[in-house]
Amino acid sequence: MTSSCWQISFFPRGQNTEALEAFLEEYFEVTACNYDDDGNDEYVGYQSGDFDEQRMLAAARRQGLTLPEYKISRLESANWLKDYVIKFAPFEVEDFMIYGIHETAAPQTKKIPLRIYAATAFGSDHQTTRSCLKAICDLYHRGFLPERILDVGTGSGILSLAAAKLWQKNCSITAIDIDEEAVWVTRENAADNNLANRINAAVSNGYQAPLVKENAPYDLILSNILARPLIEMAPQLAASLKSGGYAILSGFVDNQTDWVISEHQKHGLTLCRLYELDNWRAALMQKEK
């Protein structure tokens, strides 16, 4: 991806974005989101080559989706992916300093550095990512020592990388995503952070891949996706989690919290802590012993 491309920016203006996010990930080569604390988030799809606006609208209609206001731009760049998509400022969250591959050198920090190529995910600096990282660090500082970890919907692999950095001597991590490119990015990020021997990434629709079943049961399951798939996969999560094991769930907003939590409680999980950042939520839950 080293030529010019089309950028289509969408402005939901506070609308529910779950269906929009799913559509963008399916339709465009690369997706991103510029999150705004005031709720004026900008969702972006990138496509190289030709772009047909009417074809996009027809694809959305077939999914019963009315697209929000959007703007179409042509990006002229020798490397549009590097110049427009993956540039984000280094940021600290909990025990980590996270920075992009476009940085010429690692930022000076006393925290654990994570170097991220994040072009395929909806923001490694998203509120849900930050909350999940906080939950992971909370477990670590409480002395929790997981041997097997599953990362469902790994995206850029950032949660797997963080867990591998904290528990390098103790754990092996299975990272899965339905998107082949996300799996490729996770593998690249793992190698770039000298963690390739700790993280095994694979394509999987939920918990269906043989690798997921072979490595079960898990001491810790990370699942930062969306409310609906979290709920649909609650039975598989519970079946894959050891008694006494933990799950970190995120990707849902305030008014979806009871829905997500209650469904997992039906399958033997107890809420330990709820993390709140803006309107987004993350839950630390434990399977009953």
Filter result (out of contact with any strand residue (DSSP E or B) (no Cβ under 7 Å at 6 or more places or on another chain), closer than 26 Å to Leu241 by Cα and assigned to a loop (DSSP other than H, G, I, E, B)) within the range 183-209: Leu195, Ala196, Asn197, Asn205, Gly206, Tyr207, Gln208
Could you count how many residues in the range 130-159 are in a helix (DSSP H, G or I) and charged (D, E, K, R)? 3
Output for the range 147-196, where each listed residue is over 22 Å from Met97 (Cβ atoms), modelled with pLDDT of 95 or more and open to solvent by less than 10 Å² (accessible area, probe 1.4 Å): Leu150, Val152, Thr174, Ile176
Quick check on Leu67: is it open to solvent by less than 80 Å² (accessible area, probe 1.4 Å), modelled with pLDDT of 85 or more and in a loop (DSSP other than H, G, I, E, B)? yes
Residue check for Ala247: part of a helix (DSSP H, G or I) and buried (at least 17 other Cβ atoms within 10 Å of the Cβ): no
Could you run through the range 177-208 and say how many residues are under 21 Å from Glu29 (Cβ atoms) and hydrophobic (A, V, I, L, M, F, W, C)? 7
Report every pair of residues separated by at least 6 positions or lying on different chains whose Cβ atoms are under 6 Å apart, first residue within the range 224-238 and crowded, with 20+ Cβ neighbours inside 10 Å, second among the polar types (S, T, N, Q). Asn224/Thr128; Asn224/Ser250; Ala227/Gln256
Got a number for residues in the range 226-237 being assigned to a helix (DSSP H, G or I) and under 23 Å from Ile158 (Cα atoms)? 8
Output the residue which, of all residues in the range 197-207 that are under 23 Å from Ala135 (Cα atoms) and over 15 Å from the mean Cα position of the chain (by Cα), is most open to solvent (accessible area, probe 1.4 Å). Asn200
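The values are calculated or read from the model by the stated rules, or taken from the named source; none is laboratory data. Here the structure is a predicted model, which means the values were calculated and not measured. All Cβ positions, even for glycine, are placed from backbone atoms using ideal geometry, and neighbour counts span all protein chains on display. These accessible areas exclude ligands, DNA and RNA; they are computed on the full protein's heavy atoms, side chains included. Shrake-Rupley method; radii C 1.70, N 1.55, O 1.52, S 1.80 Å.
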